[in-house]
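Below is one structure, written out as structure tokens; the observations come after it.
The values are calculated or read from the model by the stated rules, or taken from the named source; none is laboratory data. Just so you know, these numbers come straight off a predicted model, no measurement behind them. Here Cβ is always computed from backbone atoms with ideal geometry, including for glycine, and neighbour counts include all displayed protein chains. For the accessible areas, the whole protein counts, side chains as well, though only heavy atoms, and no ligand, DNA or RNA atoms are used. Shrake-Rupley method; radii C 1.70, N 1.55, O 1.52, S 1.80 Å.
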Amino acid sequence: MTGTAEQPSATGPAEVTLDEVVALCKRRGFIFQSSEIYGGLGSIYDYGHYGVLLKNNVKGEWWRTVVGERDDMVALDAAILMHPRTWEASGHLEGFTDPMVDCRTCKLRFRSDKLEDAACGRQPSKHPGETEECDLTEPRQFNLMFETFMGPVRDDAAKVYLRPETAQGIFVNFKNVLQFARKKPPFGIAQIGKAFRNEITPGNFIFRTREFEMMEIEFFVPPGEADAWHQRWMEDRMRWHTELGIRPDHLQLRKHGPDELSHYSSATSDVEYLFPMGWSELEGIANRGDYDLSRHAEFSGEKLEYFDQEKGEAYVPHVIEPSLGVDRSLLAFIVDAYETEEVEGRKRTVLRLHPRLAPVKAAVLPLVSKAGMPEKAREIYEQVRRQVPAEYDEGGSIGRRYRRQDEIGTPWGITVDGQTMEDDTVTLRDRDSLEQVRVPADGLADRLAARLAEPWRSPKLD
């Protein structure tokens, strides 16, 4: 196989719908409904092989950027279960609520402040309260935290909570980290972990779920530097998304109005992405002031402050918090990468993921399952996989195998054919341009590793 065997049509691709994304994720083993054989569990999802790989790559890029490439950040992995007083101090027991209404007719529950986003249980084309059949209760506050019990006795003394965010695990460990990390403000603590929220009306696939994973930073700064660091983190986080392939015109930074600010925040801006359902929050960057450390000091009786030896004074650091959902980030990367086009009269669906995010970097494919090609392809595959994540596939026609790899976002295809058996060269196919070139099999792994390290630009920007 030589030359460019495939040529895309000039017809521009349509933007993806959420239904198309869900179908692809199920078809290619990215994401499944949890407990599907029992009818599923509402807004809880399981990740299949390629979903796990993609998710780990997203987390890996975040770790590399915020910890590996910085001298002012340390890592933490706090427990999911925490002392109940934690949630009193943070304000979650009192204020972590949404207003809820019930419909006595359809027996469904809705957020009363989001009725315009919900569908009536009897007439899905209408919103709750818009039909004569609707019989909504008065709004009441509903706490979003999941309760459980620690130990054999189910009483108030044994009550604990699944954490609704990872941030509090960082705040209660501030003193521990300060003692061992040999850091002084400005410095940060980064954490990736699971959180749980008993959402009234979750939805839009993995955009809002009851169990999710968060990538959070609490960055501790001298009080007088908080505004400058808040601005700096907003710029850094916008750049992270675009460097990994998100189109800049599908991102915006939106400042919260006074009526939107959380009780702990003096300023918050959201990085928003243009999802299929419209502009929605991708990442929040908040200036939390000294609220959290001061509250935990008050409730625990421990001093949570930094002593500046040069100035001879102690102060409670202010905190800048960039907070990003892993699942929501993964959804944005898939949506932004999704594209369909016509190639030689047939529809091709492709995920134009940044190569560093792609679950598989290279697929090694024997042209046919005979004439020694599978054995040679296996040999090349074993060499390549030592340096870049690779996959071997010999099932079905070469065209179908290309399409499978396109749909999971594999940037490079390596085809072993008759000419390979003669001169030890292979066809290297590029996912985005569809260009196919002959290259020596020897040194192929090094070639791909070098290409993986090169800067990358989304073809959608051309």
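Brief remarks follow.
- Verdict on Asp77 being in a loop (DSSP other than H, G, I, E, B) and surrounded by fewer than 16 Cβ atoms within 10 Å (Cβ to Cβ): yes
- Pairs linking a residue in region 276-289 that is among the acidic types (Asp, Glu) to a residue that is at pLDDT 95 or above and not in a strand (DSSP E or B), with Cβ atoms under 6 Å and 6 or more positions apart or on different chains, are Glu283/Arg237.
- Scanning region 345-400 for residues that are farther than 24 Å from Ala453 by Cα and touching an Asp or Glu at 6+ places or on another chain (Cβ under 6 Å), we see that the one that is most open to solvent (accessible area, probe 1.4 Å) is Ser369.
- Residue, farthest from Leu330 (Cα to Cα), within region 246-268, restricted to residues that are modelled with pLDDT of 95 or more and assigned to a loop (DSSP other than H, G, I, E, B): Arg247
- Filtered residue count, region 302-330, keeping only those that are closer than 19 Å to Asn57 by Cα and either outside any strand (DSSP E or B) or without any contact (Cβ under 8 Å) to a residue 12 or more places away in the chain (or both): 5
- Region 91-115 - residue that is over 16 Å from Arg208 (Cβ atoms) and open to solvent by 80 Å² or more (accessible area, probe 1.4 Å) and, of those, modelled with the highest pLDDT: Arg104
- Candidates Thr86, Thr65 - the one that is open to solvent by less than 30 Å² (accessible area, probe 1.4 Å) and among the β-branched types (Val, Ile, Thr): Thr86
- Region 123-133, subset farther than 18 Å from Gly203 by Cβ and of a type in the set (D, E, K, R), residue most open to solvent (accessible area, probe 1.4 Å): Glu132
- Sole residue being in contact with a strand residue (DSSP E or B) (Cβ under 9 Å, 6 or more places away or on another chain), of a type in the set (D, E, K, R), in contact (Cβ under 8 Å) with a residue 12 or more places away in the chain and not in a loop (DSSP other than H, G, I, E, B), chosen from Glu407, Glu394: Glu407
- Phe212 vs. criteria part of a strand (DSSP E or B), among the aromatic types (Phe, Trp, Tyr) and out of contact with any His (no Cβ under 9 Å at 6 or more places or on another chain): yes
- Residue check for Phe205: in contact with a Pro (Cβ under 9 Å, 6 or more places away or on another chain) and outside any helix (DSSP H, G or I): no
- Filter result for Ile200 (aliphatic (A, V, I, L, M), open to solvent by 10 Å² or more (accessible area, probe 1.4 Å), over 21 Å from Thr268 (Cα atoms) and in contact (Cβ under 8 Å) with a residue 24 or more places away in the chain): yes
- Any hit, region 318-336, residues being of a type in the set (Lys, Arg) and touching an Asp or Glu at 6+ places or on another chain (Cβ under 9 Å): yes
- Val271 fulfils the conditions (1) over 15 Å from the mean Cα position of the chain (by Cα); (2) modelled with pLDDT of 95 or more except for a single criterion, (1).
- Only one of Phe299, Phe333 that is outside any strand (DSSP E or B), under 30 Å from Leu24 (Cβ atoms) and not polar (S, T, N, Q): Phe333
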